[in-house]
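See below for the structure under consideration.
The values are calculated or read from the model by the stated rules, or taken from the named source; none is laboratory data. Note that the structure is predicted; figures quoted are calculated from it, not measured. Don't worry about glycine lacking a Cβ; one is built from the backbone with ideal geometry, like all the others, and counts go over all protein chains shown.
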Amino acid sequence: MAQPLDDAGLDTIFRTARSFNGYTDQPVTEADIHAIYDLLKMGPTSVNQQTARFVWITSQEAKDKLADLSSGSNAEKIRKAPASVIIATDLDFHEQLPWLFPHAPDAKNWFADPASREVHAFRNSSLQGAYFIIAARALGLDTGPMSGFDNAKVDAAFFSDQPRVKSNFISTLGHGDPSTVFGRLPRPEFERFNRVV
């Protein structure tokens, strides 16, 4: 049974957490990357689809490669961040279901239709991208998620050997520099976008 987090935990993950535009010089280690993934993979996906595929970018060569495919100020953010992550979607995730969802031996066949499978793949990789942000924050790191990049060129550059894997969004990762944060943007009150029926 889930137990509520205290205010400090809620602040870390949601209330005072921010999207960062720049970071300190503190590196993101391979141990950090593994710790983030080991948390985010525990978040629920439909029939344990685990559709997200992650490319963790830490070398300057890979940062420059990704930055060259990004637009506006995103390029410089990627070049300077300790790490960046490509959160991608495996459109053939159903091939993994025999071992990921052994409760139903025919689960792979549930997603035989490519159009339906694409919807499931995108939805669940987006969920896992959100889990990435939460996991990073929970472990004391910060993120800068973004969608300003050329998906087709990123796919060609980073997934040429996996043509059924498509980029969803990207994010910088590190220990945030507070001076790079913009003022908090509006958050709607409950009544604006919610109904209880």
Candidates Pro114, Pro105, Pro98 - the one that is surrounded by fewer than 18 Cβ atoms within 10 Å (Cβ to Cβ), over 25 Å from Ala135 (Cα atoms) and at pLDDT below 95: Pro105
For Val181, indicate whether it is surrounded by fewer than 13 Cβ atoms within 10 Å (Cβ to Cβ) and either farther than 26 Å from Thr89 by Cα or in contact (Cβ under 8 Å) with a residue 24 or more places away in the chain (or both). no
May I ask you to list the residues in region 148-166 that are in contact with a strand residue (DSSP E or B) (Cβ under 6 Å, 6 or more places away or on another chain) and closer than 18 Å to Asp92 by Cβ? Asn151, Asp155, Phe158, Phe159, Val165, Lys166
Out of curiosity, is Arg187 over 20 Å from Pro82 (Cα atoms), among the charged types (D, E, K, R), more than 14 Å from the chain's Cα centre (by Cα) and surrounded by 12 or more Cβ atoms within 10 Å (Cβ to Cβ)? no
Taking interchain pairs and intrachain pairs at least six residues apart, which have beta carbon atoms under 8 angstrom, with the first residue in region 1-28 and modelled with pLDDT under 95 and the second part of a loop (DSSP other than H, G, I, E, B)? none
In region 1-57, which residue that is in a helix (DSSP H, G or I) and polar (S, T, N, Q) is nearest to Pro145 (Cα to Cα)? Thr12
